[in-house]
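Engineer: Can you read through this structure? Questions will come right after.
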Amino acid sequence: QVQLVESGGGLVQAGGSLRLSCAASGLTFSSYVMGWFRQAPGKEREFVAAIRWTGGSTYSKKGRFTISRDNAKNTVYLQMNSLKPEDTAVYYCASRFGSSLATDRGGYDYWGQGTQVTVSS
C-alpha cells in the first residue's frame, strides 16, 4: 500500500531553517505530483507547495520555502528558511496521481501522518 512518511520537523528559533523530507513507497513516484500542506492549531489545513516529477512547482507564497524532489530516492523535500512563529504547524506530505499541480486538499489521494514544526519567538 502507499505510504508517505515525513521527517525533519522539530523546534527551531525564529529566523532558523528546517528541511522536511517525505519518503514515498508503494507507488510509481514519477507518476505523482507531491505536495506539502500544513495545519496550525484551530485552523484549516492549507496548501504550501507542490511539485511535478519533472520539477515544475507552485507555491502558496513563494520566497522562504522551496520544494524539491529526488525521483531516484522517492523523496520530496521542503526547505524552510527564515522561519516565523506563524509557521508553527503540523506539516503534511501528500501525493496526487498525474501532473496537475493541485492546490486544494481534496485533489490529493494519499497523505502522510505529519511532522510537527514549532518556531519559537
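Engineer: For the range 39-102, state which GluC sites (Glu not before Pro) are in a DSSP loop and have at most 12 other beta carbons lying within 10 Å of their beta carbon.
Structural biologist: Loop-located and lightly packed - Glu44.
Engineer: Just want the answer: with Cβ charges of +1 for Lys and Arg and -1 for Asp and Glu, which residue in Trp53, Ser30, Ser68 is farthest toward the dipole's positive end in the range 29-68?
Structural biologist: Ser68
Engineer: Among rounded, prolate and oblate, which fits the chain when a ≥ b ≥ c are the square roots of the eigenvalues of its C-alpha gyration tensor, a/c under 1.5 means rounded, and a/b larger than b/c means prolate?
Structural biologist: prolate
Engineer: List every residue whose amide H lies under 5 Å from the amide H of Thr88, counting only residues 5 or more places away in sequence or on a different chain, with H placed 1.01 Å from N in the peptide plane.
Structural biologist: Val119
Engineer: May I pose another question? Near Ser30, within a Cβ-to-Cβ distance under 14 Å, what is the net charge of the other residues, with Lys and Arg +1 and Asp and Glu -1?
Structural biologist: +3
Engineer: So how do Lys62, Lys84 rank on accessible area, 1.4 Å probe, biggest first, that is with the largest at the start?
Structural biologist: Of Lys62, Lys84, the descending order of accessible area is Lys62, Lys84.
Engineer: Any idea what the relative contact order of the chain is, in percent, if you count C-alpha pairs under 8 Å spaced at least 6 apart?
Structural biologist: Worked out over the chain, it gives 36 percent.
Engineer: When the dipole is taken about the Cα centre of the chain, and only Lys, Arg (+1) and Asp, Glu (-1) are charged at their Cβ, what size is it in debye, to the nearest 20?
Structural biologist: Dipole magnitude for the chain comes out near 220 debye.
Engineer: Accessible area of the chain with a 1.4 Å probe: how many percent of it is carbon plus sulfur?
Structural biologist: 44
The values are calculated or read from the model by the stated rules, or taken from the named source; none is laboratory data. As the structure is a computational prediction, the values presented were derived from the model and not from experiment. As a convention, Cβ positions derive from the backbone with ideal geometry for all residues, glycine included, and neighbour counts pool all protein chains shown. The protein model used for the area step is the full one, side chains on, heavy atoms only, and it has no ligands, DNA or RNA in it. Shrake-Rupley method; radii C 1.70, N 1.55, O 1.52, S 1.80 Å.
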